[in-house]
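Visitor: One structure coming up, written as structure tokens, with questions to follow.
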Amino acid sequence: MRKPPKIIVVIGVSATLLAVLPVVYLGLRLFEGFDRALAELLRFRTLELLGNTGLLVLAVSVSALLVGFSQAWLTTRSTVKFASSFAVLAALPLAIPSYVMALGYMSLFPKFSGFFASWLVLTLATSPYVFLGVTAALVRIDTATDEVARTLGLGRFKVLTRVTWPQVRPAATASVLLVALYVLGEFGAIALLRYDTFTRAIYNAYQGSFDRTSAAALALVLLLITLLIIWLERRYRGLYLANTKALGKRLRVDLGSWSWVAMAGLTSIAVFGVGVPIVSLFVWSVQGSASLDLPMLLDALWGSVRLAGLSGLFIGFFAIAIALWAVRYRTRLGAWIETLSWATHALPAVVVGLALVFFGANITPWIYQTTWMLVIAYLILFLPNALAAISTPIAQVPKDLEDVSQSLGVPANRTLVKVVLPIAIPGIVAGVGLVALTVLKELPATLLLRPTEANTLATRLWDATEDLAYSQAAPYALLLVIVAGLPALVLNSQARKALSEVRG
Amino acid sequence: MATLNLRGVKKSFGDFEVLSGVDLLVEDQELVAVLGASGSGKSTLLRLIAGFEKPTAGTIELAGKEISSVTKVLVPEKRNIGIVPQDAALFPHLSVSQNIGFGLAGWSSKDKAARVAELLEIVELTEFADARPEKLSGGQAQRVALARALAPRPAIVLMDEPFSALDAELRTRLRLDVKAILKKEGATAILVTHDQEEALSLADRVAVLRNGQIVQVGSPTEIYNSPVDIGIATFLGDSVLIDGEVKNGKVLTRLGALNPLNKVTEGQVGRVAIRGENFYLLPNPKGEGEVVGQVFFGHDAVVEVVTRGVKIRARSNGPFAPEVGMKVSVWVRGSVNFYPV
């Protein structure tokens with residue numbers, strides 16, 4: 001087994017420490033004040049939050065599954081017209097941050113709030129995840145199995161339930177758990193729509209009082225629920241079926257006159273998920289254009305871009321080191337570091353933000369309330385995303401090339417720099433770009449940790465919405481979709497792949 | 001009794017006619033191979049019989065009942081047919097036994113278990129009963145697919161190039177297995193293939209499909225020995241075509257007067273098709289032929305000879321084949337098919 005260069009080890013280990021320490025610290029602090037934390041939790045309020053959060057997670061999971069699965073099946077396996085256009089539309093809500101979607105609706109309907117509103121917005125925002133996951137699984141099924149099942153006595157609907165569904169179930173389950181994690185950690189949309197879940201309660205407890213024990217205790221409960229779901233997701237992720245062959249011939253079910261019903265359904269989901277919020281925001285922007293403070297908008301845009309760029313480079317730097325370590329040198333420590341980096345995946349941003357508030361205020365006051373605190377928060381939140389995006393291009397560089405380079409007298413370290421990285425660089429750049437765009441859209445950790453005078457598109461949008469100044473918030477929302485959402489969707493390799501396969 | 005009866009079946013996709021009037025009878029317990037090049041419409045024919053496509057003309061009857069016509073197509077699940085796809089297409093989420101028992105929905109659990117056990121034994125995979133499909137080799141997967149199709153005792157089994165994904169050695173073995181399994185089950189079956197060796201070695205009867213029509217049906221020996229036209233003759237085996245004219249009941253060619261197999265009329269002009277194995281080469285320093293090429297296969301060899309201005313390819317015993325540059329005498333053994341132009 002080859003040993004990784006020291007520099008890679010140092011960078012990798014420090015990234016992991018940066019990511020894990022604050023969360024561990026939050027736990028330790030709570031353990032110290034265990035009695036008080038317990039007293040905080042043993043209140044009816046906690047039960048209420050648990051109920052509210054659970055209900056929303058469950059409801060959105062079910063509806064997102066139904067919507068996403070239907071979209072995937074109709075666009076890949078039926079004769080519905082304009083299938084590839086509908087597939088693009090099904091993925092498009094990914095370009096709209098959920099709090100932007102919430103803003104679009106609440107600015108249109110004054111009474112749009114509470115459970116139903118949160119459920120609707122989050123279903124529309126998360127069903128693309130199910131759509132993409134199930135599509136990827138559906139296109140890998142050999143449709144000859146459907147035909148065999150037909151000749152063995154199954155009708156069309158039974159083929160769907162007994163042959164198609166069991167084959168996509170692992171992918172669907174993994175997608176739904178992803179949706180559950182998303183809803184559990186969601187803050188912006190839920191807070192705007194005033195539905196009481198853990199994330200909103202944590203934020204309010206933090207903002208509303210000097211005693212932060214309550215916020216920390218609630219954060220810990222949320223963390224435990226999250227870990228439970230992550231554990232479930234890991235368990236089910238292993239169950240992906242070994243597909244005998246990718247992309248065999250694909251036969252489509254003739255919908256006949258049902259085609260129109262299907263088209264109506266797909267169209268209305270697109271209208272609700274993309275059309276309504278975007279049109280609403282557009283109308284508000286036009287209405288408020290006379291009083292638009294352009295310098296303020298440009299200042300926020302610059303603030304966002306600077307922060308996102310800085311964070312993207314910072315996270316990319318660590319991710320490259322860890323990816324090189326994990327992919328090119330398969331040492332045990334490297335594997336551990338990679339696993340640990342993944343562990344922060346799907347931690348609710350509110351919990352990470354709060355952990356960093358505690359850690360920063362008590363241990364590292366010299367960077368507390370500076371941009372660096374935010375950058376570290378983004379590192380914790382998005383290192384897994386960066387790793388996922390950067391590992392693939394690095395793994396795809398043929399090992400033979402490294403061997404050839406070394407046989408020609410170039411030492412291992414220089415081979416990495418002269419051969420591996422240059423070949424992988426397009427993928428790495430795309431990965432860093434994707435992470436930067438994700439940073440651009442981040443809301444809760446940004447709100448908790450922002451330096452007082454720093455403003456971004458997301459924080460400006462938030463401040464204006466809290467004042468119910470929709471015409472002021474709308475341009476920021478639209479700008480977020482244009483500069484962050486759409487480019488992110490284009491860079492998203494999973495989305496690109498699924499969409500091209502629907503066409504195939 | 002005819003199990004399957006196709007009458008004037010046509011199928012077009014848009015303006016493109018894939019099948020232009022297919023007539024085919026398959027008798028009970030018979031194995032018929034439909035032999036055709038790729039694009040000849042073989043798979044479409046199977047999909048029509050299975051009920052996945054609707055004919056643009058003609059009818060299909062199965063066990064005396066009309067199952068397809070221009071106006072009415074019985075759904076696949078009500079046809080009582082079994083299909084074995086090219087790549088087995090086992091249900092990846094079910095075990096081998098569950099795959100085989102999939103079509104036995106109405107059966108009691110006791111009968112079902114007995115039937116599955118019986119088939120596992122017939123396809124010699126009893127020890128794989130609980131295995132997942134991804135654990136099987138290509139040949140094993142095909143045997144499971146066949147068992148799954150046979151389990152509900154279908155009126156007919158349709159096999160779509162079932163051996164094409166396998167390597168050569170396995171293919172030969174599995175062919176014999178499949179034939180034995182089908183006979184043991186007393187099943188009626190259609191096999192479509194582009195491989196003439198497969199069709200000839202496996203089938204009770206071979207139907208040659210060309211340009212959307214069945215151009216010849218017969219036993220493998222009939223098809224091989226008496227192709228009705230020159231196209232089939234060259235498709236079925238490596239043949240050399242030589243011009244000739246009928247004189248005194250024989251065909252006069254540059255290689256001498258040959259005995260025609262088929263009926264000829266005096267004075268006809270045309271071509272004879274001579275197969276590689278009909279040539280006999282004798283090394284002879286004064287011979288008129290010269291060996292210009294040789295492809296060695298081990299058990300036999302193909303020897304290219306130029307003689308009297310004609311280039312022929314002769315099959316020869318591998319180890320004793322004449323070598324390049326040698327002079328040989330050439331004879332044509334047996335009778336040949338004559339095709340007037």
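Visitor: On the basis of being within 14 Å of chain A (Cβ to nearest Cβ) and charged (D, E, K, R), does residue B:54 make the cut?
Guide: yes
Visitor: Can you name every residue in region A:374-388 that is surrounded by fewer than 24 Cβ atoms within 10 Å (Cβ to Cβ) and closer than 13 Å to residue A:327 by Cβ?
Guide: Of everything in region A:374-388, just one residue is surrounded by fewer than 24 Cβ atoms within 10 Å (Cβ to Cβ) and closer than 13 Å to residue A:327 by Cβ, namely A:388.
Visitor: Next question, about the same structure. Which condition number in (1) loosely packed, with under 14 Cβ neighbours inside 10 Å; (2) outside any strand (DSSP E or B); (3) over 31 Å from the mean Cα position of the chain (by Cα) is the one that residue B:287 fails?
Guide: That leaves (1) as the condition not met.
Visitor: Which one of these does residue B:83 not meet: (1) in contact with a strand residue (DSSP E or B) (Cβ under 8 Å, 6 or more places away or on another chain); (2) free of Cβ contacts under 8 Å to residues at least 60 places away in the same chain; (3) β-branched (Val, Ile, Thr)?
Guide: (2)
Visitor: Still on this structure, I have one more. Evaluate the following for residue B:157: is it within 12 Å of chain A (Cβ to nearest Cβ), aliphatic (A, V, I, L, M) and closer than 24 Å to residue B:36 by Cα?
Guide: In short, yes.
Visitor: Follow-up. Answer yes or no: is there a residue in region A:169-176 that is surrounded by fewer than 21 Cβ atoms within 10 Å (Cβ to Cβ) and more than 14 Å from chain B (Cβ to nearest Cβ).
Guide: no
Visitor: How many residues does region A:345-371 contain that are part of a helix (DSSP H, G or I) and among the hydrophobic types (A, V, I, L, M, F, W, C)?
Guide: Result for region A:345-371: 11.
Visitor: Take the residues in region B:87-127 that are buried (at least 20 other Cβ atoms within 10 Å of the Cβ) and polar (S, T, N, Q); name whichever of them is farthest from the other protein chains (Cβ to nearest Cβ).
Guide: B:97
Visitor: Restricting to region A:328-344, and then to whatever is modelled with pLDDT of 75 or more and outside any helix (DSSP H, G or I), can you tell me which residue is surrounded by the most Cβ atoms within 10 Å (Cβ to Cβ)?
Guide: Of everything passing the filter in region A:328-344, A:329 is surrounded by the most Cβ atoms within 10 Å (Cβ to Cβ).
Visitor: Of these, A:324, A:294, A:298, A:347, which one is crowded, with 18+ Cβ neighbours inside 10 Å and farther than 26 Å from residue A:414 by Cα?
Guide: Step by step, each of A:324, A:294, A:298, A:347 is checked, and only A:347 is crowded, with 18+ Cβ neighbours inside 10 Å and farther than 26 Å from residue A:414 by Cα.
Visitor: Turning to a different aspect of this structure: Of the conditions (1) under 24 Å from the mean Cα position of the chain (by Cα); (2) surrounded by 14 or more Cβ atoms within 10 Å (Cβ to Cβ); (3) among the hydrophobic types (A, V, I, L, M, F, W, C), residue B:305 clears all except one; give me its number.
Guide: (1)
Visitor: Looking only at region B:162-198, which residues are β-branched (Val, Ile, Thr) and either over 19 Å from residue B:125 (Cα atoms) or in contact with a Cys (Cβ under 9 Å, 6 or more places away or on another chain) (or both)?
Guide: Hits for region B:162-198 are B:188, B:190, B:192, B:193.
Visitor: To continue, here is another question. Sort through B:176, B:170, B:209, B:191 and tell me the only one that's at pLDDT below 90, in contact with a helix residue (DSSP H, G or I) (Cβ under 8 Å, 6 or more places away or on another chain) and aliphatic (A, V, I, L, M).
Guide: Going through B:176, B:170, B:209, B:191 in turn, just one is at pLDDT below 90, in contact with a helix residue (DSSP H, G or I) (Cβ under 8 Å, 6 or more places away or on another chain) and aliphatic (A, V, I, L, M): B:170.
Visitor: Tell me whether region B:299-307 contains one or more residues that are without any contact (Cβ under 8 Å) to a residue 60 or more places away in the chain and in a loop (DSSP other than H, G, I, E, B).
Guide: yes
Residues checked against (1) in a helix (DSSP H, G or I); (2) at pLDDT below 95; (3) under 22 Å from the mean Cα position of the chain (by Cα):
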| site | (1), (2), (3) |
| --- | --- |
| A:23 | yes, yes, yes |
| A:26 | yes, yes, no |
| A:36 | yes, yes, no |
| A:56 | yes, no, yes |
| A:71 | yes, no, yes |
| A:85 | yes, yes, no |
| A:89 | yes, yes, yes |
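Visitor: Restricting region A:106-134 to residues that are more than 21 Å from the chain's Cα centre (by Cα) and at pLDDT 95 or above, which is surrounded by the most Cβ atoms within 10 Å (Cβ to Cβ)?
Guide: The residue in question is A:115.
Visitor: Next question, about the same structure. Kindly state which helices (runs of 4 or more DSSP H) lie completely within region A:404-502 and contain at least 3 residues that are buried (at least 23 other Cβ atoms within 10 Å of the Cβ).
Guide: Ranges flagged: A:421-441, A:444-449, A:457-466, A:470-480.
Visitor: Consider residue A:393 carefully, then state whether it is out of contact with any Lys or Arg (no Cβ under 9 Å at 6 or more places or on another chain), part of a helix (DSSP H, G or I) and surrounded by fewer than 20 Cβ atoms within 10 Å (Cβ to Cβ).
Guide: No, not satisfied.
This table checks each residue for (1) out of contact with any strand residue (DSSP E or B) (no Cβ under 8 Å at 6 or more places or on another chain); (2) loosely packed, with under 12 Cβ neighbours inside 10 Å; (3) modelled with pLDDT of 85 or more; (4) not aliphatic (A, V, I, L, M).
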| residue | (1), (2), (3), (4) |
| --- | --- |
| A:234 | yes, no, no, yes |
| A:238 | yes, yes, no, yes |
| A:241 | yes, no, no, no |
| A:244 | yes, no, no, yes |
| A:256 | yes, yes, no, yes |
| A:270 | yes, no, yes, no |
| A:274 | yes, no, yes, no |
| A:277 | yes, no, yes, yes |
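Visitor: Here's another thing I want to ask about it. Pairs under 6 Å by beta carbon, first residue within 15 Å of residue A:337 (Cα to Cα) and among the hydrophobic types (A, V, I, L, M, F, W, C) in region A:380-401, partner at pLDDT below 85 and part of a loop (DSSP other than H, G, I, E, B), six or more apart or different chains?
Guide: A:380/A:344
Visitor: What are the pairs with Cβ atoms under 9 angstrom where one residue, in region A:179-191, is within 23 Å of residue A:466 (Cβ to Cβ) and assigned to a helix (DSSP H, G or I) and the other, located anywhere, is modelled with pLDDT of 90 or more and among the acidic types (Asp, Glu)? Sequence gap at least six, or different chains.
Guide: Within 9 Å, the pairs are A:190/A:196.
Visitor: Scan region B:14-39 for residues that are surrounded by fewer than 22 Cβ atoms within 10 Å (Cβ to Cβ) and not in a strand (DSSP E or B) and jot them down.
Guide: Matches in region B:14-39: B:14, B:15, B:28, B:29, B:30, B:37, B:38, B:39.
Visitor: Another question about this same structure. I'd like the residue in region A:196-215 that is aliphatic (A, V, I, L, M) and in contact (Cβ under 8 Å) with a residue 60 or more places away in the chain and, out of all such residues, is surrounded by the fewest Cβ atoms within 10 Å (Cβ to Cβ).
Guide: A:201
Visitor: I'd like to know if region B:222-239 contains one or more residues that are over 18 Å from the mean Cα position of the chain (by Cα) and without any contact (Cβ under 8 Å) to a residue 24 or more places away in the chain.
Guide: The answer is no; no qualifying residue exists.
Visitor: Another question, if that's okay. If only one of A:193, A:227, A:218, A:181 is out of contact with any Pro (no Cβ under 7 Å at 6 or more places or on another chain), away from every other protein chain (no Cβ under 14 Å), surrounded by fewer than 21 Cβ atoms within 10 Å (Cβ to Cβ) and not small (Gly, Ala, Ser), which one is it?
Guide: Just one listed residue meets the conditions, A:227.
Visitor: From the set of residues in region B:130-146 that are within 14 Å of another protein chain (Cβ to nearest Cβ) and part of a loop (DSSP other than H, G, I, E, B), which is surrounded by the fewest Cβ atoms within 10 Å (Cβ to Cβ)?
Guide: For region B:130-146, the residue satisfying everything is B:137.
Visitor: Next question. In region A:112-156, how many residues are in contact with a strand residue (DSSP E or B) (Cβ under 7 Å, 6 or more places away or on another chain), within 8 Å of another protein chain (Cβ to nearest Cβ) and not hydroxyl-bearing (Ser, Thr, Tyr)?
Guide: Going through region A:112-156 one residue at a time, the tally reaches 2.
The values are calculated or read from the model by the stated rules, or taken from the named source; none is laboratory data. As the structure is a prediction and not an experimental result, all values here were calculated from the model. Virtual Cβ from ideal backbone geometry, glycine too; neighbours counted across all protein chains shown.
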